[in-house]
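Let me begin by presenting the structure, written as structure tokens, before commenting on it.
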Amino acid sequence: MHTGKIKKIISDRGFGFISDTDGREVFFHQNGVSEGQFMNLKEEMRVEFEIEDSPKGPRAVEVRIAAAQ
């Protein structure tokens, strides 16, 4: 499990980017957000996630709001 902060959300297009604790930027899509929480995400919010390979590079999946906000 990785942790990071929401860097940018493009809500009308259904995706965004996370800055993980290693300083890299990881793409995420609303389909990769747990339990339909996409609309609850805000920039700078701490999240937990897994990373999977995609044709365009690493992608965050199982994104969820971190317990300690």
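The values are calculated or read from the model by the stated rules, or taken from the named source; none is laboratory data. Computed from a predicted structure; not experimentally measured. We place every Cβ from the backbone using ideal geometry, glycine too, and count neighbours over all the protein chains shown.
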Residue by residue through segment 27-57, note down the ones that are touching a strand residue (DSSP E or B) at 6+ places or on another chain (Cβ under 6 Å), within 13 Å of SER11 (Cα to Cα) and crowded, with 17+ Cβ neighbours inside 10 Å.
-> PHE28, VAL33, LEU41
Subset of segment 3-16, residues within 14 Å of ILE65 (Cα to Cα) and surrounded by fewer than 17 Cβ atoms within 10 Å (Cβ to Cβ), comes to THR3, LYS5, LYS7
Within segment 1-34, how many residues are over 11 Å from the mean Cα position of the chain (by Cα) and under 12 Å from VAL61 (Cα atoms)?
-> 1
Can you tell me which of ALA66, ALA60 is surrounded by 10 or more Cβ atoms within 10 Å (Cβ to Cβ) and at pLDDT below 95?
-> ALA66
